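Have a look at the structure below before the remarks.
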Amino acid sequence: MKKLMQFLALSSLVVTLTACSSNAADPFEASAANERATGIEKTTVPAGTRLHVALIDAVGTSKSSPGDEFTASLIEPIVVDGKTVVSKGTRVRGRVADVNESGRVRGRASMSLILTSMAPGGKSVALETRPFVVLADATKRRDAAIVGGGVGVGAAIGAIAGGKKGAGVGALVGGGAGAGTVLATKGKDINYPPETRLSFTLANPFLI
């Protein structure tokens, strides 16, 4: 009889512990289910989406180096399937991927920029965009004008010094002087001040 009572007591204890364990697990499951039910569904921003920004920091071939970071802000919201997923004014961060200053005679200035992250709602989200590449305007017409100007001045000086023959010699000398002017003059640099508007294309999708 005593053994029977001990068995019943032990069985009751096991049942009680099992019930307590089950009740302890229920709140966790309920919380997880509640999070799944009320959680905000993330949206995929697809590759190819255009990101229109305005610079906050200035960048340029005369002041920037590869690896330098800059900040900007969205001037248009990011919209996916008619729904705004990133608001206008969101801060974005970028990097100077490559930069080349203008050279003398040859070598036009160039610069490559990429966006690396944004912070919608204060939370950082990594980005990968295609490089925004800009090349300075060619200066061939300007160079030709400088060289031509040198020839004209040289010919005039030569003509005064020795007639037609002197004019021909002066033209050669003047042309050389003009070329020297080109050698001493750098081409155009690229400088983007704050509030410059640029457009980037998303290379890979991201979740927001």
Take the residue pairs 88/188; 42/83; 63/88 and return only those whose Cα atoms are more than 23 Å apart. 88/188; 63/88
Net charge of neighbours whose Cβ lies under 12 Å from the Cβ of residue 65, counting Lys and Arg as +1 and Asp and Glu as -1: -2
With the other protein chains left in place, how much accessible area per residue, in square angstrom, belongs to the range 76-117 at a 1.4 angstrom probe? 56
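Using a ≥ b ≥ c from the Cα gyration tensor of the range 40-81 (square roots of the eigenvalues), is it rounded, prolate or oblate, where a/c under 1.5 gives rounded and otherwise the larger of a/b and b/c decides, a/b for prolate? Could the numbers behind the result be given before it?
Working: a/c = 2.98, a/b = 2.51, b/c = 1.19.
Cα axes put the range 40-81 in the prolate bin.
The values are calculated or read from the model by the stated rules, or taken from the named source; none is laboratory data. Just so it is clear, the structure is predicted and the values come from calculations on it, not from any experiment. Cβ coordinates were reconstructed from backbone atoms using ideal geometry, including for glycine residues, and neighbour counts include every protein chain displayed. Just so you know, the surface numbers come from the protein's heavy atoms only, side chains and all, with ligands and any DNA or RNA stripped out. Shrake-Rupley method; radii C 1.70, N 1.55, O 1.52, S 1.80 Å.
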